[in-house]
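Structure record follows, encoded as structure tokens.
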Amino acid sequence: MRRTDREITNRKEIVDVLNRSDTIRLGIHGDPYPYVVPLSFGWEDTGNEIHIYFHGANEGFKHALLEHNNHVCVEADIFHKYITTDVSLSAEYESVIGFGTAEIVEGDEAAKAMALVCDHCGYPGFVCETIPLETMKIYRITLSSITGKRRL
């Protein structure tokens, strides 16, 4: 990271930024171009690993790409405001970027994942009974690394 003065090194602070972010951007290997898609998500910190969960229909472009290569990049950010001086325009922000692998989860873990997604989206305890879990693919991303950056 070029601007180490803006780096967030404390894990609790990094997780706090992730928690306050509404959307992740998932970067997937594509051919010939990378594919980036915004997603609603849920997450958990097990103490050893950070897991990010997301879901989608049973088929589609992101699923096809993930079947071919499940190494992903995840980005989340919080934009606060633009700031100006006499000579510059910049932004106040917080962001995290993580790298990891995405795997499909099923059964009890899929139900837990959807509960975490609903909770993070502001609907704790919501049970999605009208859409059976079997009609969607639910993924867990296990992050192997995560970094944070902020300018406030």
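Quick note: the coordinates plus some simple rules give every number you see, no bench work behind them. These numbers were taken from a predicted model, which means no experiment stands behind them. Quick reminder, even Gly has a Cβ in these numbers, built from the backbone with ideal geometry, and neighbours come from all protein chains shown.
Here are the numbers for the structure shown:
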{"quantity": "Hits among aspartates and glutamates - C-alpha to C-alpha of K149 under 16 Å, sequence gap 8 or more where chains match", "calculated": "D5, E7, E13, D16, E75, D77, E92, E94"}
{"quantity": "Separation of the C121 and I104 label points, Cα + 7 Å toward Cβ, nm", "calculated": "2.1 nm"}
{"quantity": "Candidate lysines - alpha carbon under 24 Å from K62, same-chain residues fewer than 8 apart omitted", "calculated": "K112, K137"}
{"quantity": "Residue-by-residue Karplus 3J(HN,Hα) for the stretch 50-65, coefficients 6.51, -1.76, 1.60, Hz, glycine and proline x", "calculated": "9, 10, 10, 10, 8, 9, x, 4, 5, 9, x, 4, 4, 5, 5, 5"}
{"quantity": "Two-decimal Rg to Rh for the stretch 1-86 - Kirkwood Rh, Cα set", "calculated": "1.03"}
